[in-house]
1. Only four residue types carry charge here, +1 at the Cβ of Lys and Arg and -1 at the Cβ of Asp and Glu. Report the dipole size of segment 49-102 about the Cα centre in Debye, rounded to the nearest 20.
2. Assuming a viscosity of 0.890 mPa s and a temperature of 25 °C, what translational diffusion coefficient in µm² per second does Stokes-Einstein assign to segment 52-92, Rh being the Kirkwood radius over Cα pairs?
3. Sum up the charges of everything whose Cβ sits under 12 Å from the Cβ of Tyr103, counting Lys and Arg as +1 and Asp and Glu as -1, but leave Tyr103 out.
Amino acid sequence: MRLIRQALGLAVQRFEALFEPAKTSRLLPGLSLYHYPACPFCIKVRRQLRRLGIAVELCDIDSDRALRAELIGRGGKSQVPCLRIEGGESVRWLYESDAIIAYLRTRVDADGTRLPTDL
């Protein structure tokens, strides 16, 4: 099953690269996206990141077992996508692609960046 998921992940990444929107231009510190390369909900979030013109640390829990263990141990479940939000002394784990996208839009808007109109 793992080999099938890896092969599918590679195919999806190649397909995604063909239709890739604008490249990211600005790193938002303190944010990490835990994801699988082939997960459709993760792809949705990564595409919105590119559309918003921002970058976050990407943590592929399929290829790194330590990241998967961290997500389960600290976030409470292995569901992806999951956005880890570090702020001061606290860490928040945000699940669900729509909630992650909404959060990212507020961060971009709060930083004074104009949001694209096609979203």
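All of the numbers you see were taken from the coordinates with simple rules; none came from a lab. Treat the numbers as computed from the prediction; the structure is a model and nothing was measured. For neighbour counting, all protein chains shown are included, and Cβ atoms are generated from backbone atoms with ideal geometry for every residue, glycine included.
1. Working: 8 positive and 9 negative charges, 15 e Å.
Using only the charged Cβ atoms, the result is roughly 80 debye.
2. On the way: Rh = 11.3 Å.
Approximately 218 µm²/s, per Stokes-Einstein.
3. Numbers: positive: Arg84, Arg92, Arg105, Arg107; negative: Glu96, Asp98, Asp109.
Within the 12 Å Cβ shell, the charges total +1.
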